[in-house]
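Only the coordinates and a few stated rules stand behind these numbers; no lab work does. Quick caveat: nothing in here was measured; it's all calculated off a predicted structure. We place every Cβ from the backbone using ideal geometry, glycine too, and count neighbours over all the protein chains shown.
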Amino acid sequence: MLEISRDAYDAVVAHARRDHPDEACGMLARSGSGEVRVIEMMNTARSPTFYEMDSLEVLRVMRELDDRDEALYAIYHSHTATEAYPSRTDISIAGYPEAHYVLVSTRSPDEVEFRSFRIVDGVVEEEPVSVGG
Amino acid sequence: MLASTATRGLAVAIEVRIPTILRPHTGGEKSVEGKGETLADLLDDLESRHGGLKARLVTDGALARFVNVYVNDEDVRFMGGMQAPLKDGDSVTVLPAVAGG
């Protein structure tokens, strides 16, 4: 299950909406006490069908998580014309079995689609999302 | 002379940080040690003890498209890729690219 505060959830959705029609991407960091922090990342692909985080930005964030005693909790990105479900490309590239993969779809301007998955060895498993106060 | 060679021999160890997804190749270890004057040498050295690791990192002799390798704070793609030079005490980090469609 993905556990996320209302503020963090809203921030991820707002990021996805802001970057629409390009895909938005970022990470969720989680502290020992369970607090989730949103880290917006640049999509170097600047594309409506692909995202790629900047390699040096990823390294910097990973070091920052270590320094703050946080763990990588989730990797999020948006789909801007399709459902919030991992694409074949997402599955084949997914390299963080320890993280949740959050998908947000911005295909509808009114309806929020926010789903969470584990992607391990090419197998996708959806999990519940619990949005806290 | 012998002592200095021995000392240098110990000092060439390069720490390599391994991401979770590749730890099955290192017996679960988060970091391993290797040696080499280039990234290609280092990966060959690691492969001799951690079978299967190289195939996850290298495609047709080049760094695999969705793998990032860093020497200290630099992406090896900006340092000559597989020919990136390494020196004593460098720290190498392997991270899967974060990308998708």
Inset, instruction - Report relative contact order for chain A in percent, whole number only (criteria: Cα-Cα under 8 Å, sequence separation at least 6). - result: 28
Inset, instruction - Mind pulling the per residue volume of the convex hull built on the Cα atoms of chain A? Å³ is fine. - result: 98
Inset, instruction - Rounded to the nearest 10 degrees, what's the angle between the helix B:39-49 long axis and the longest principal axis of chain B, both from Cα atoms, 0 to 90? - result: 90
Inset, instruction - For the range A:108-128 and the range A:6-32, compute the distance between their C-alpha centroids and round to whole Å. - result: 14
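Provide the net charge surrounding B:Leu43, with neighbours chosen by a C-beta distance below 13 Å and charges set as Lys +1, Arg +1, Asp -1, Glu -1.
On the way: positive: B:Lys35, B:Arg49, B:Lys54, B:Arg56; negative: B:Glu37, B:Asp41, B:Asp44, B:Asp45, B:Glu47.
With Lys, Arg at +1 and Asp, Glu at -1, the net is -1.
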Inset, instruction - Could you work out the per residue convex hull volume over the alpha carbons of the range B:2-96, in cubic angstrom? - result: 94
Inset, instruction - Quick one: net charge around B:Arg17, please, counting Lys, Arg +1 and Asp, Glu -1 for every other residue with C-beta under 12 Å from its C-beta. - result: -2
Legend entry - Ratio of the Cα radius of gyration of the range B:55-101 to 2.2 N^0.38 Å, where N counts its residues: 1.15
Inset, instruction - Give the distance, in whole Å, between the Cα centre of the range A:81-106 and the Cα centre of the range B:10-44. - result: 29
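Treating only the Cβ atoms of Lys and Arg (+1) and Asp and Glu (-1) as charged, compute the dipole magnitude of chain A about its Cα centre; round to the nearest 20 debye.
On the way: 13 positive and 26 negative charges, 36 e Å.
Value, rounded to 20: 180 debye.
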Legend entry - With at most 16 other Cβ atoms within 10 Å, longest stretch of chain A clear of loop trypsin sites (Lys or Arg not before Pro) (DSSP): A:1-45
Inset, instruction - Obtain the nm distance between the two label points defined at B:Thr20 and A:Val120 by a simple spin-label model: each point lies 7 Å from its Cα along the Cα-to-C-beta direction. - result: 0.9
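Evaluate E = 1/(1 + (r/R0)^6) for A:Glu57 and B:Ser48, where r is the Cβ-Cβ distance and R0 equals 22 Å; express this FRET efficiency to the nearest 0.05. Can you show the working numbers first?
Details: r = 33 Å, r/R0 = 1.51.
After rounding, the FRET efficiency stands at 0.10.
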Inset, instruction - Among A:Ser92, A:Ser105, A:Ser33, determine the one that fluctuates most according to a GNM of chain A built with springs between C-alpha atoms less than 10 Å apart. - result: A:Ser33
Legend entry - Extreme residue, positive dipole direction of the range B:2-96, given options B:Gly80, B:His50, B:Ala40 (C-beta unit charges): B:His50
Inset, instruction - With label points built 7 Å along Cα→Cβ from the Cα atoms of A:Glu111 and A:Ala14, find their separation and express it in nm. - result: 2.5
Inset, instruction - Rounded to the nearest 10 degrees, what's the angle between the helix B:2-11 long axis and the longest principal axis of chain B, both from Cα atoms, 0 to 90? - result: 20
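Multiply the residue separation of A:Asp69 and A:Ile39 by 0.36 nm, subtract the distance between their alpha-carbon atoms, and state the gained length in nm to one decimal.
Values: separation 30, 0.36 × 30 = 10.80 nm, distance 1.51 nm.
Full extension of this stretch gives 9.3 nm more.
Can you check how the C-alpha radius of gyration of the protein assembly as shown compares to 2.2 N^0.38 Å, as a plain ratio? It would help to have the intermediate numbers written out before the result.
On the way: Rg = 19.4 Å, N = 234, 2.2 N^0.38 = 17.5 Å.
Working it through for the protein assembly as shown, the quotient is 1.11.
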